[in-house]
Structures are given as C-alpha cells and as structure tokens.
Amino acid sequence: MRPVTILLICGFLSACVSTSYTNDPLAQPARYEGRASFVVRDDRGHGDALVLLALSGGGSRAAYFSGSVMVKLQTAFEDVDLLQEVDAISSVSGGSLPAAYYGISDDPGGIVSVRLQGMLDVERLSPALARRLAYNDKNKMLGIKGRMKPEEQEELRGAVTGAGDAGKIDQLYRYSQHKGRSKRVWSDRTVKRLMSRNYLGKWVGNWFWPHNIFGYWFTDYDRSDIMAQTFANNLYDKGVLGKDLKFRDLNPQRPNLIVNATNATQDIANEDNFGKPFTFTDEHFTTLLNSDVSRYEISRAVMASAAFPAVFNYMTLRDYHEKEKAYFHVFDGGNSDNLGLESVKKVIAANGKRYKKIFVILVDSHIKAKGISRELSDPRSLVSHVIDFNMLESFDTLLDANRRKALAEFRNGSYDGAPRDLRGKLQFCHIHFDAVEKEDLRERLNNIPTSFKIADEHVALIDTAVKELVSKDNACLRRMAGTLSAQSQLHAKR
C-alpha cells in the first residue's frame with residue numbers, strides 16, 4: 001500500500017477524534033431517568049435502607065480488590081446478597097473499572113432480578129412462566145430470563161405476598177425491557193480476569209496503531225484518549241463492531257453509578273469549583289456543562305477518573321453554556337477525594353430523609369506511604385535526573401491527610417452539612433488492607449504498587465485478603481446483613 005494511501009486512511013480513521021471533547025449539548029431540560037445521578041429512584045433492596053458502596057483509587061490494585069470484594073459480597077451471607085442491596089456506587093480511579101463494569105453488565109444467563117420482601121407462591125404460576133424464573137426462597141431473589149410480557153407481570157403480581165412486592169414486580173418488568181444490553185457478564189471468574197489484565201501494556205501497544213499515531217501527532221487526540229479506548233475495547237463496548245457503551249446503556253437493574261474526577265478548570269464565574277470533585281452525573285453535566293451525560297462514553301469517564309498527573313493528560317469536555325467555545329478540564333479523582341466519600345455525602349443529602357437506615361461500605365485500597373530511605377544521600381533515580389518524581393511523595397502526603405479526615409467523619413457520623421439524625425442512622429463498614437490479621441500478609445499487601453498492571457503474586461495476595469475481610473467473621477458486614485434480613489422478615493409479615 002502506498003504511503004499516501006496509508007496517510008489518507010489514517011486521516012479518515014482519526015477524524016472522529018480530531019476534537020478534544022466528545023460530550024453533546026443538552027437538547028432540552030427533562031427529568032433524568034438514568035443511573036448516573038445522585039438521586040436514587042429505584043430501591044434495589046429494601047425501601048427502609050439506603051446502601052452505598054464507595055470504591056477508592058489505586059490503579060489495578062484498587063480495580064482487582066474492589067471487584068473481588070463486590071463479587072464476594074454476593075455470596076458471603078446465605079440469606080442476603082449484599083451487592084444486590086447497593087443503591088449507588090461512588091468510585092475513584094482504579095475503583096471505577098469494576099464499578100462501571102458492574103453498571104453495564106448482565107448477570108449470568110441474561111437474568112434480571114429483584115429482591116422480594118415477602119414470598120413467591122410458585123403454585124399460582126403457569127408452568128411456562130415458572131420455567132423462566134429463578135427464585136431463591138432463602139434470600140428472596142427473583143429473576144427472569146428474557147423480556148417479561150404484560151400478562152406475565154400481572155400473573156407475578158398476584159403470586160407475591162410482601163406489602164411492597166407488587167412494586168418489585170413492576171420494577172422487574174422495567175428491567176427486562178432494557179434494550180441497550182452490553183452482553184457482558186458479571187461473574188466471579190470474568191470480573192477477576194478483566195480486573196487483572198495488564199492495561200498498561202495494552203495502552204503502550206495501542207500507541208503503535210497507525211490511526212493512533214496519526215491522531216496523536218496531528219489532532220487533539222492524546223494519551224488519555226488512547227487509554228480510554230483501551231478500556232472501551234476491553235471492558236465497555238458491545239457487538240461485533242465494538243460499539244462503545246454510553247451512560248444511556250447502563251443496566252437499569254444496577255445501582256446508580258457516580259464516577260468521580262477532579263475539576264482542573266480555571267473557573268471565572270465560580271472559582272470555588274477548582275480542585276473539587278467533578279462527577280459524571282446528570283447533575284454536574286447539566287449545571288456545569290449544559291451537556292447530556294446519557295450520550296457520554298463510559299470509558300472516557302473512567303479514564304478521566306484515573307488520569308493521574310504526569311502520566312495521563314486532562315480529559316476535556318465542552319461547556320455548552322457559552323456562546324463562544326469554552327472547555328472544562330478534569331483529571332484523577334484521587335486529588336480531590338481518593339475514597340469517593342464526598343459523593344456519598346451528596347447521595348445521602350439527596351435521599352437520606354426517606355430512609356430509616358443508611359449503610360456505607362468503603363472498599364479502601366490505600367497502602368502506606370513509605371517516604372524516602374534514611375540511608376540515601378541522593379534520593380534521585382536515573383529517571384529523576386530528568387523529571388523528579390518527588391511530587392509522588394507530596395501527593396501521598398495529601399492523600400493521607402484527606403483520607404484520615406474523611407474516615408473520621410464517617411466513623412463519627414458527623415461532617416459539615418450532615419443530616420442531624422445521621423449518627424443514629426449510619427453504619428459505616430470499612431474494608432481495607434490494615435484489617436488483615438496476619439502481619440506478613442498486611443506488609444506484602446502494602447507493597448503492591450499503584451499501576452494499571454498487577455502481578456499474579458499480588459492477585460493471589462488480594463484473593464487471600466478478600467476471603468478474610470468479606471466473610472461472616474466481619475462484624476460490621478454481619479450486623480448489616482442481619483439488619484437487612486430482619487427488615488425482610490418484617491416486611492413479609494405486614
């Protein structure tokens with residue numbers, strides 16, 4: 001093939017990425033019905049309990065740890081699937097990989113499910129409908145394969161016993177009608193395989209595709225764009241042609257998804273926004289950008305959340321409030337809140353009044369900052385003769401201070417703007433490496449580096465830690481499971 005032809009093909013392929021932004025304007029104000037929001041509209045579990053899951057940053061260490069904890073939450077207790085109870089997930093950086101994957105995935109077999117409050121009288125169902133159902137009378141999970149027909153909806157409504165179960169059947173009907181399924185599966189094996197992939201290596205390899213070379217040097221296409229596409233190809237696309245999934249494709253049976261980044265924009269109108277969390281939600285897209293979050297690519301949101309300074313470029317968005325072109329720049333969410341708890345506060349503020357109990361599970365992949373060895377007179381590495389990476393130590397110091405403050409706020413149930421009754425409602429479960437009993441294992445876990453690749457030996461260490469941390473021996477999770485199970489029995493009796 002002639003060089004001129006190759007250049008023309010590359011130019012055509014890179015045309016779609018010749019601008020630095022891909023978000024679309026908001027067509028017209030309307031009530032948002034999607035999952036990228038602080039407002040919880042469908043209770044996945046019980047109407048009396050708001051269950052929130054926060055997933056911290058930490059590269060592939062966080063991706064694998066968070067994903068492993070999530071799948072273990074499904075089976076740790078016989079009578080309740082704790083992941084099914086989660087109403088919203090707030091994620092940062094590496095934690096955003098499994099959070100977003102869960103948001104776009106289906107359960108094995110394409111089954112959609114809800115948790116009933118009472119029981120299902122199977123004897124009242126037709127054999128044809130009964131064959132399509134999956135029902136567990138211990139944890140009261142009811143699932144159906146394929147689309148539910150209106151007559152089947154009515155049949156199921158007449159066969160449930162809980163006070164709010166007719167509404168749950170309506171919810172199941174809506175879930176089954178979802179057309180934008182990714183066909184990607186959420187299972188223990190699949191999640192662990194995907195979260196342990198060497199995304200750093202795949203990213204480097206993708207640099208050498210002709211259209212990426214052309215796009216990088218001759219358009220606004222940058223390092224973050226290449227990694228975003230790497231994430232899309234491995235996690236967040238569908239179909240033979242690999243159509244990239246957008247927020248409108250989120251599975252409606254999954255929790256709300258809040259992907260966190262940090263605002264790096266010079267904001268003349270409101271300078272207080274600089275350095276604060278920016279979320280890929282309807283609220284922030286509407287108010288800050290006059291943009292439609294439903295049409296934004298999930299892979300780019302995840303990349304923005306993980307765009308660590310010096311390694312990746314800013315993720316750029318278009319601000320459609322302005323007549324002249326104006327842009328909004330974001331990067332790694334860890335700079336403003338590496339735990340995702342600031343967005344948890346917003347979810348509590350938007351929804352907390354209608355719940356009797358609020359549960360927050362934090363999966364914290366933090367490792368102890370080690371500092372510089374006392375034995376070194378010159379701490380520079382070979383690379384540091386050109387670029388000094390002492391910024392990493394200063395970044396770790398900032399993260400440590402912010403982390404301690406955030407943990408104290410949630411342990412005490414008190415922070416600026418917290419509801420007055422939060423302390424009486426809140427139960428905070430903190431899942432982290434320092435809770436591992438064996439000192440040797442704790443030390444080895446704290447030596448897992450932050451990168452978008454993870455060694456097999458580190459995967460094995462995390463598997464061992466998750467087996468201990470997410471079990472019936474975890475007093476906080478056990479109390480949570482007991483409370484939710486008791487609520488189920490209470491609802492069944494009403």
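Overview of results
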item	result
Among (1) more than 26 Å from Gly215 (Cβ to Cβ); (2) at pLDDT 95 or above, the one test that Gly94 misses	(1)
Condition check for Phe247: out of contact with any strand residue (DSSP E or B) (no Cβ under 6 Å at 6 or more places or on another chain), of a type in the set (Phe, Trp, Tyr), open to solvent by less than 40 Å² (accessible area, probe 1.4 Å) and at pLDDT 95 or above	yes
Condition met for Leu317 (part of a loop (DSSP other than H, G, I, E, B) and crowded, with 23+ Cβ neighbours inside 10 Å)	no
Every pair of residues 6+ apart whose Cβ atoms lie under 7 Å, when the first sits in segment 196-222 and is modelled with pLDDT under 80 while the second is outside any helix (DSSP H, G or I)	Gly215/Tyr221; Tyr216/Asp222
Candidate set from segment 444-454 (those that are over 22 Å from the mean Cα position of the chain (by Cα) and at pLDDT below 95); member that is surrounded by the most Cβ atoms within 10 Å (Cβ to Cβ)	Asn446
Breaking point among (1) touching a strand residue (DSSP E or B) at 6+ places or on another chain (Cβ under 9 Å); (2) within 17 Å of Asp364 (Cα to Cα); (3) outside any strand (DSSP E or B), for Ala54	(3)
Single match in Arg131, Arg193, Arg147 (criterion: open to solvent by 40 Å² or more (accessible area, probe 1.4 Å), farther than 22 Å from Tyr314 by Cα and part of a loop (DSSP other than H, G, I, E, B))	Arg147
Set Asp79, Asp24: member being modelled with pLDDT under 90 and not hydrophobic (A, V, I, L, M, F, W, C)	Asp79
Single condition Ala310 does not satisfy, out of (1) open to solvent by 30 Å² or more (accessible area, probe 1.4 Å); (2) assigned to a helix (DSSP H, G or I); (3) small (Gly, Ala, Ser)	(2)
Criterion violated by Tyr216 - all others in (1) in contact with a Ser or Thr (Cβ under 7 Å, 6 or more places away or on another chain); (2) assigned to a helix (DSSP H, G or I) satisfied	(1)
Residue within segment 110-117 that is crowded, with 17+ Cβ neighbours inside 10 Å and among the basic types (Lys, Arg) present	yes
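The values are calculated or read from the model by the stated rules, or taken from the named source; none is laboratory data. For clarity, every value in this text was computed on a predicted model and none was experimentally measured. Here the Cβ is made from the backbone with ideal geometry for all residues, glycine too, and neighbour counts use every protein chain on show. Ligands, DNA and RNA are stripped out before the accessible areas are found, and what is left, the full protein with its side chains, is counted by its heavy atoms. Shrake-Rupley method; radii C 1.70, N 1.55, O 1.52, S 1.80 Å.
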